[in-house]
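A quick write-up on the structure given underneath.
The values are calculated or read from the model by the stated rules, or taken from the named source; none is laboratory data. What you see is a predicted model, and the numbers here were worked out from it, not measured in a lab. When we count neighbours, we look across all protein chains shown, and the Cβ atoms used for this are built from the backbone with ideal geometry, even at glycine. Keep in mind that these areas ignore ligands, DNA and RNA; they rest on the heavy atoms of the full protein, side chains included. Shrake-Rupley method; radii C 1.70, N 1.55, O 1.52, S 1.80 Å.
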Amino acid sequence: MTDFIQTTLDGLSIGSAYALIALGFTLVFGVMRRINLSYGPSIMLGAFAGTWVFVTLDAQPWMVAAVTIAGTIVVGMYVERLCFWSIRKNAAIASMVSSFVIWMQLEEVATILLPGRTYPYPELFTIGGFDIGPYFVRIEHVTTLAVAIFVLIMLRLLLYRTRFGLALRAVSDDPVAAVYMGISPARITFWAFGLASLIGGVAGYLLLAADQQVTPYFGLWATFKGLIAMMLGGLGSIPGAVVGGLLLGLIEAHAQWYLGNAVKDLSAYLVLFLVLVFRPGGLLGQGIADRHAQAFRRI
């Protein structure tokens, strides 16, 4: 039982980072009904900007965090302008393909600017962790979980207690009706991308500060983990993104402990397959999928 609880704690810790990445994917998909495949590489390039400042200028961790988050936001805005704003609204496939092309471009830029395969990244805390009875908890993981909960609460307040949140939900439900109400979908999408990039930058910093290294493959890893967590929790569901991220972390942690590292990713894909078969909209997104299906039938 001790091993089971310790593994659960570890899974929740890494799952909170997955949840933050999934929140960024969900924001973009919820507003535009499009998937941004460049989201993970955007975080990776922001992290490379942070590690460049750390390696060349011996910057403090707070400065590395600021540069990482700012770099992710700048790259995210670049992707939005190039792949989503400039492509017409009904060309979702073209937007997704173009974001994949930008993914390749961002990885090439990262490898040219920093040709080494692995670079150091400053740790967030010098104290590794603490014991709670027989269990060990890392401070970085507790911080990531607390940040994920805080971001979820702030997003809920933003979406349901502010005019911007009302406009964002209006654009998500019906962009044409939103235009007639005086809302600019292009402006709302731009700021949604900025918010998603901000969350991604925070997630990237917390993850890399725990690992204390960054590689060009981080973009691919972040994209896969974020997409799986979003699909598990439910497409377009903010709480679902958090639930999906935590569930993915738990699945991987227990599969690795009981079955070995070789089947860790395989177990996650298997659970995702089962969820999509029995609940195509995800664990908390089935209601959204049902509403869209009913609306389509009425039309």
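Counting Lys and Arg as +1 and Asp and Glu as -1, each charge on the Cβ, what is the dipole of the range 185-290 about the Cα centre in debye, to the nearest 20?
The dipole of the range 185-290 has a size of about 140 debye.
Let me know the shape class of the range 1-115, please: from the alpha-carbon gyration tensor, a ≥ b ≥ c as square roots of the eigenvalues, rounded when a/c is under 1.5, otherwise prolate if a/b is greater than b/c, or oblate.
Cα axes put the range 1-115 in the oblate bin.
Let me cross-check residue 111: its accessible surface, 1.4 Å probe, with only protein heavy atoms counted, in Å² to the nearest 10?
Roll a 1.4 Å probe over it and residue 111 shows about 40 Å².
Hey, can you find the accessible area per residue of the chain for me, probe 1.4 Å, expressed in square angstrom?
That works out to 49 Å² for each residue.
Give or take rounding to whole Å, what are the principal axis extents of the alpha carbon atoms in the range 65-191, in descending order?
59, 42, 24
Over its Cα atoms, what ratio of radius of gyration to 2.2 N^0.38 Å does the range 94-146 give?
Scaled against compact globular proteins, the figure is 1.88.
Could you check how much of the accessible area of the chain is carbon and sulfur, as a whole percent, using a 1.4 Å probe?
Ligands and nucleic acids excluded, carbon and sulfur give 70 percent.
Could you order 1, 44, 104 so the one with the most accessible surface comes first? Probe is 1.4 Å.
Largest accessible area first, the residues go 1, 104, 44.
Positive end of the dipole of the chain, charges at C-beta (+1 Lys, Arg; -1 Asp, Glu), about the Cα centre: which of 72, 120, 137 has its Cα farthest in that direction?
Final value for the positive-end residue is 72.
For the chain, which span is the longest to avoid every loop-located (per DSSP) member of trypsin sites (Lys or Arg not before Pro) having at most 13 other Cβ atoms inside 10 Å?
Longest run free of exposed loop sites: 118-299.
What residues have an amide H closer than 5 Å to that of residue 59, excluding those fewer than 5 places away on the same chain, when H is modeled at 1.01 Å from N in the peptide plane?
Result for residue 59 returns 54.
State to the nearest 20 debye the size of the charge dipole of the chain about its Cα centre, where the only charges are +1 on K and R beta carbons and -1 on D and E beta carbons.
So the dipole magnitude of the chain works out to roughly 1360 debye.
Specify whether the C-alpha gyration tensor of the range 121-250 places it in the rounded, prolate or oblate class, a ≥ b ≥ c being the square roots of the eigenvalues: rounded for a/c under 1.5, otherwise prolate if a/b is larger than b/c and oblate if not.
Here the range 121-250 falls in the prolate category.
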